Amino acid sequence: MSALVSMLTAQGAEDAGTSAASDAGGEDGQAAAGATDQPSTQGGGAASDGPADPGECSPRDLDVTMAAVPANGGPMTFDLTLHNGADVACLIDAGDTSLELTVHSGEDRVWSSADCVAEPTERELLLDAGDSAETTVRWDGSRSADGCPAGQGAAQPGSYRVSATLDGASLPAAATVFTLE
């Protein structure tokens, strides 16, 4: 049935095109110069079949905010809001393969969300222009190091700074300071 509807719709479009050409042209049904109802393909390009696929979000187009919230059953939860400030939609991977949080105390690197990932995950998000998405990263208060060696101990009470990177690019607006008690 849908094939019949498609065929009839296509036939109707052809008839409408012939009628429009006949109206725009002369007695012989030829379209007047420049009058057409077909998509333009000037410059050798093909007519567009729809919107272009969105590209990756550029860190410079992202407005990222982060709040450090004491977590139930653990020291800290980091709530991030990712806002697309660009004029076009874009894709962002908010999973632990691309988004990394790092906690420091002074110059001491205490923890990174990329250190002890059991199974790296992607979390592809499509952000329309002006849209936002939220993601949460939990930290249990343990120290960590690259390669996830055992015996790193726990972070001590005090002031800490957490920063974020996306695919290695710094997101400075996302940095925040918090206190462990």
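Considering region 80-98 alone, what residues qualify as being part of a strand (DSSP E or B) and crowded, with 19+ Cβ neighbours inside 10 Å? Correct list: 80, 82, 84, 90, 92. Check 108, 53, 115, 96 and return the single one that is at pLDDT below 90 and within 24 Å of residue 177 (Cβ to Cβ). The match here is 96. Whether a residue is without any contact (Cβ under 8 Å) to a residue 24 or more places away in the chain and assigned to a strand (DSSP E or B) was assessed, and residue 179 passes this test. What number of residues in region 91-134 are closer than 28 Å to residue 156 by Cα and more than 12 Å from the chain's Cα centre (by Cα)? Qualifying residue count for the region: 23. When region 160-173 is filtered for residues that are assigned to a strand (DSSP E or B) and either closer than 13 Å to residue 64 by Cβ or of a type in the set (Asp, Glu) (or both), the ones remaining, listed by number, are 162, 163, 164, 165, 166, 169, 170.
The values are calculated or read from the model by the stated rules, or taken from the named source; none is laboratory data. As the structure is a prediction and not an experimental result, all values here were calculated from the model. As a convention, Cβ positions derive from the backbone with ideal geometry for all residues, glycine included, and neighbour counts pool all protein chains shown.
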